[in-house]
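This report refers to the structure that appears directly beneath it.
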Amino acid sequence: MITQLLSDSGVSNLASTHNLSQINKICNRRGVYLDLIFSFTPTTAVIRADDLLVAEDTHHSTLSCSILLQKSSASSNVRIVPDFRKCNLDAILRSLQSVNYPSPSSIPDVESAFSEFCDHLGSIITQNTPIKKLQTSAFPARYNAKIKWLVLRKKTAHRLLKTSGNLHHRERFRNLRSHCKSLATKCHRDYLKRIEDSIPRIIKSFWSHANGLKSSPFSAAKLLFDGREAESAAGKCELFSNYFSSVFTKNQVPSPVFDFGWNFSITKCVVTASDVQLKLASLEPNKGAGPNAIPPCVLKYCVPVLAPHLAIWFSSLLSLGIFPSALKRGFVVPIFKSGDRSNVKNYRPIVILSAVAKVYESIVLDYLYFHFRKCISSSQHGFLRSRSTVTNLMEFQEYVMAAFGNAHQVDCVYLDLSKVFDKVNHNMLVAKLAGYGVGAPCLSG
């Protein structure tokens, strides 16, 4: 009989192992349980069915079972994103070959036409790119599938031990815990060995590990800024927006007019397909796509087709002094510095731009650097090619050693300006650029 089967220790042990309970309490007319319904959800309800699909057997009651399921908290961490590493590059290249070259002289609004070109390029890439699911794992990156499975079994055994207090469950839990510890130690040792072996070839793996040791997984549930607080995602974004915009200094002081006697205008810059080709070929293919969904890997693969297109667009935009709005969009990511994580003022923003915007900026920078390199101080080491903190320290060391050799005194003053880029006097900067001949229309905005 079913009642004997239910009382059998084998079925009971099997149900308790999986943390299941028999919830059907409705007997037939003879007082026998003919249907066994096991569930680990306490909200599961079993009642006699009112709406019968077929005629009911007098010895077998018709039952209705309802289970209230809660949405897993892990599902909120799932994101669906395009998998650019598996996009069909050949199909994208074939589609781009059918796009006609632009003729800006016959286009009334070059900026809008360039935005349409970027949107069309993004749509072609989207059509030939599969999607993938990204989910934040609760396990460390060094864990393999075997230890993940053991950890889940250990948690199940621990839950059974707390429920039953059975000595058998206690011994089983101890064995699983010991096995998990030894396997976790081995996984950590193997993980560190892989990091050490990859240092000569892939230095990024080492820095990812080092940054992971410094960063904390804690994320503030509530953010504060000037007496206001926010818990929702939209509210937090609003606080970050208010703080980052408040840092920017708007100086309304009128600037003087400079004239350095330079006859130079950036509007005369002509971008060639070779210039764009060199920039596209130097892109890092594994970088992010940015807000326009145009990844560097596609730009680099489609260089023969895209280089002439972008050269024509860039030359036309520069002649009009336009930095297109399509390239101004970016993802602003707040990076925690130090202090209280709930305080918005302890974060700094970084902006993730599109790869096309970086190429455009790099071409303009090359043109400006070529003309301005003569007026840059020889003592300047930051933001210059072939110069860095290393060259600065070497030059400083040579100066100090020479001074010591001549019995001269050396005085050093170290300055650290807080948020210096946000506090630059833009009026003065624009006035100096105009004095060097950059001028309108590039400085008209």
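The values are calculated or read from the model by the stated rules, or taken from the named source; none is laboratory data. These numbers were taken from a predicted model, which means no experiment stands behind them. Counting neighbours? That spans all protein chains shown, and the Cβs are built from the backbone with ideal geometry, glycine included. We work out accessible area using only protein heavy atoms, side chains counted, and drop any ligands, DNA or RNA first. Shrake-Rupley method; radii C 1.70, N 1.55, O 1.52, S 1.80 Å.
If you go through the range 360-370 and keep only what is at pLDDT 90 or above and open to solvent by 30 Å² or more (accessible area, probe 1.4 Å), you end up with 361, 362. Pairing residues of the range 87-108 that are open to solvent by 40 Å² or more (accessible area, probe 1.4 Å) with residues that are small (Gly, Ala, Ser), at Cβ distances under 6 Å and at least 6 apart in sequence or on separate chains, gives 107/113.
Would you be able to say whether some residue in the range 266-287 is modelled with pLDDT under 80 and loosely packed, with under 15 Cβ neighbours inside 10 Å?
So in the range 266-287, the residues modelled with pLDDT under 80 come out as 266-269.
With the extra rule that they be loosely packed, with under 15 Cβ neighbours inside 10 Å, the set shrinks to 267-268.
Scanning the range 266-287 turns up at least one residue that is modelled with pLDDT under 80 and loosely packed, with under 15 Cβ neighbours inside 10 Å.
From the list 300, 328, 337, the lone residue that is among the basic types (Lys, Arg), without any contact (Cβ under 8 Å) to a residue 40 or more places away in the chain and more than 30 Å from residue 98 (Cβ to Cβ) is 337.
Residues in the range 137-191 that are touching a residue at least 40 places away in the same chain (Cβ under 8 Å), surrounded by 13 or more Cβ atoms within 10 Å (Cβ to Cβ) and not in a helix (DSSP H, G or I): 142, 143, 144. Residue pairs whose Cβ atoms lie under 6 Å apart, sitting 6 or more positions apart in sequence or on different chains, and linking a residue in the range 241-254 that is modelled with pLDDT under 75 to a partner that is surrounded by 10 or more Cβ atoms within 10 Å (Cβ to Cβ) and assigned to a loop (DSSP other than H, G, I, E, B), are 251/425. Do you know which residues across the range 275-296 are over 17 Å from the mean Cα position of the chain (by Cα) and touching a residue at least 12 places away in the same chain (Cβ under 8 Å)? Those that are over 17 Å from the mean Cα position of the chain (by Cα) and touching a residue at least 12 places away in the same chain (Cβ under 8 Å): 275, 276, 277, 279, 280, 281, 283. Applying the criterion of being in contact with a strand residue (DSSP E or B) (Cβ under 6 Å, 6 or more places away or on another chain) and surrounded by 14 or more Cβ atoms within 10 Å (Cβ to Cβ) to the residues of the range 332-341, the residue that is nearest to residue 115 (Cα to Cα) is 334.
The condition (being open to solvent by less than 50 Å² (accessible area, probe 1.4 Å), closer than 26 Å to residue 292 by Cα, in contact with a strand residue (DSSP E or B) (Cβ under 9 Å, 6 or more places away or on another chain) and part of a helix (DSSP H, G or I)) is satisfied by just one residue among 326, 357, 311: 357. Looking only at residues in the range 112-136 that are polar (S, T, N, Q) and over 24 Å from the mean Cα position of the chain (by Cα), which one is least open to solvent (accessible area, probe 1.4 Å)? Among residues in the range 112-136 that are polar (S, T, N, Q) and over 24 Å from the mean Cα position of the chain (by Cα), the one least open to solvent (accessible area, probe 1.4 Å) is 115.
I want to confirm something. Restricting to the range 371-426 and keeping residues that are under 30 Å from residue 260 (Cα atoms) and aromatic (Phe, Trp, Tyr), which single residue is surrounded by the most Cβ atoms within 10 Å (Cβ to Cβ)? So, considering only residues that are under 30 Å from residue 260 (Cα atoms) and aromatic (Phe, Trp, Tyr), the one surrounded by the most Cβ atoms within 10 Å (Cβ to Cβ) is 372. Restricting attention to the range 118-134, the residues that are part of a helix (DSSP H, G or I) and either among the aromatic types (Phe, Trp, Tyr) or farther than 13 Å from residue 309 by Cβ (or both) add up to 6.
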